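Each value in this text was obtained by applying a stated rule to the coordinates, not by laboratory testing. Owing to the predicted nature of the structure, the values given are computational and were not obtained by experimental measurement. All Cβ positions, glycine included, derive from the backbone under ideal geometry; neighbour counts span all protein chains shown.
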Amino acid sequence: MHWALLITAIVLEVAGTTCMKFSDGFTRTLPSVLIFVFYGLSFTAFTFALKKLDLSLSYAIWAGAGTVLIAAIGVIWFKEPVSALKVGSVLLIVIGIVGLNISLRAPVS
């Protein structure tokens, strides 16, 4: 249940960030309002997820997965350029999240 809340928080955060682009600098009403709706719901879901999940891992997954998804949306939806540096940087984010997850699950010596 808590992992589902974390995933929900990530999706809502990505929706809010995407609405920032669609708001055109707060000149379009609906996307501007949706920024606050999606972020509010995202923080709410994230707060409930943290009742059972570790903060360090949860925040890394929330921020990292959101960054990866926004980078993909930027390339696919908004036709942003793709470069080897951009792809490599996104891969480093994913590797960092995996490494953090592994380190938190490793036995403490």
How would Ser42, Ser32, Ser89 line up from fewest to most surrounding beta-carbon atoms within 10 angstrom?
Ser89, Ser32, Ser42
Karplus couplings for segment 83-99 from phi (6.51 cos²θ - 1.76 cosθ + 1.60, θ = phi - 60°), rounded to Hz, Gly and Pro as x?
9, 4, 5, 5, 4, x, 5, 5, 4, 5, 4, 4, 4, x, 5, 4, x
Using modelled backbone amide H atoms (1.01 Å from N, in-plane), which distant-in-sequence or interchain residues come within less than 5 Å of Glu80's amide H?
Val75
Quick numbers on the chain, Rg and Dmax over C-alpha atoms in Å, give 15.6, 55
Cleavage-rule hits (chymotrypsin sites (Phe, Trp or Tyr not before Pro)) in segment 57-109: DSSP loop, at most 14 neighbouring Cβ within 10 angstrom:
Trp77, Phe78
